[in-house]
Amino acid sequence: MNTLNSYQFLSLMNSGGPIMWVIFVVACIAMTLVVWEALRGQALIKSARQDYHHLRTDNRYLPITNGSISPVAQLLVATHWSDVQSREDIAREFNIHLAEITPKMEGTLATIAILASLLPMLGLLGTVTGMINVFEVVALHGSGKPDEMADGISQALLTTASGLIIAIPVIFMHHLLSRRVNALMAITHQAVQLILHRNVDSLKKVYNNANG
């Protein structure tokens, strides 16, 4: 059964021509990144929600005290606490380092978006190359080689369909992952506001105790 499936797969790929293999490789990369971002995003948003809950219920809690991986914990680690003397200083530090942390929260979403837009273009390229093959057969043999003409048409249709079939779920998953990043950013901003309303000296004391 596995041998039959492998034969059918190779037959399908060969029918699509070289572009079909390029589409397959790009699709594998895109789906791998989607799965990775889904798992990474789930861990980040779970940690962020836990930190936000603890920040609301415990005035002495800081995410850096429990090895949290949430964005607010990364923000606290990146802050230069030796330069902090007031809430305005904390706000300035948070604004500076939040710009550095935001791309980390987005991860490879930009790459996924590029790959999703690339897939239909590769399918279109396969269509063009397939039709070129058809026209070459017509130019050389007229309409007397229907089997060779069919190969070119098959290549054109297979690559177009494959590019679209794979691009649609990748685009949809990119949308869902982007919404998760937006939710993560919202939770992070809420957590930051809770921290900014605390006493500066108490915050520095908790940070210094957490770092020995």
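Laboratory data are not the source of any read-out in this text; all were calculated from the coordinates shown. Being a predicted model, the structure only gives us computed values, none of them experimental. Cβ atoms come from the backbone with ideal geometry, glycine included; neighbour counts cover every protein chain shown.
Quick notes
- Across region 34-75, the convex hull enclosing all Cα atoms gives 58 Å³ per residue.
- Among VAL170, VAL77, VAL34: highest mean-square fluctuation, GNM of the chain, C-alpha pairs under 10 Å: VAL77
- Exposure proxy order (Cβ contacts within 10 Å, fewest to most) of THR57, THR79: THR57, THR79
- Fewest neighbouring Cβ atoms within 10 Å first, the residues PHE172, PHE94 line up as PHE172, PHE94.
- Residue order, fewest to most surrounding Cβ atoms within 10 angstrom, among ILE166, ILE23: ILE166, ILE23
- Label point distance in nm, HIS53-ILE96, each placed 7 Å from Cα along Cα→Cβ: 3.4 nm
- Considering helices alone, the calculated mean residue ellipticity of the chain at 222 nm is -30000 deg cm²/dmol, with DSSP H runs of length four and up weighted by -39500 (n - 2.57) and normalised per residue.
- Across all directions, the average flat footprint of the convex hull enclosing the Cα atoms of the chain is 16.5 nm².
- Descending principal axes extents, region 55-135, alpha-carbon based, whole Å: 75, 24, 17
- Each of ASN208, THR129, ALA30 was placed along the dipole of the chain (beta-carbon charges, centred on the mean Cα), and the one lying farthest toward the positive end is ASN208.
- Nearest 10 degrees, 0 to 90: helix 200-210 Cα axis against the chain principal axis: 70 degrees
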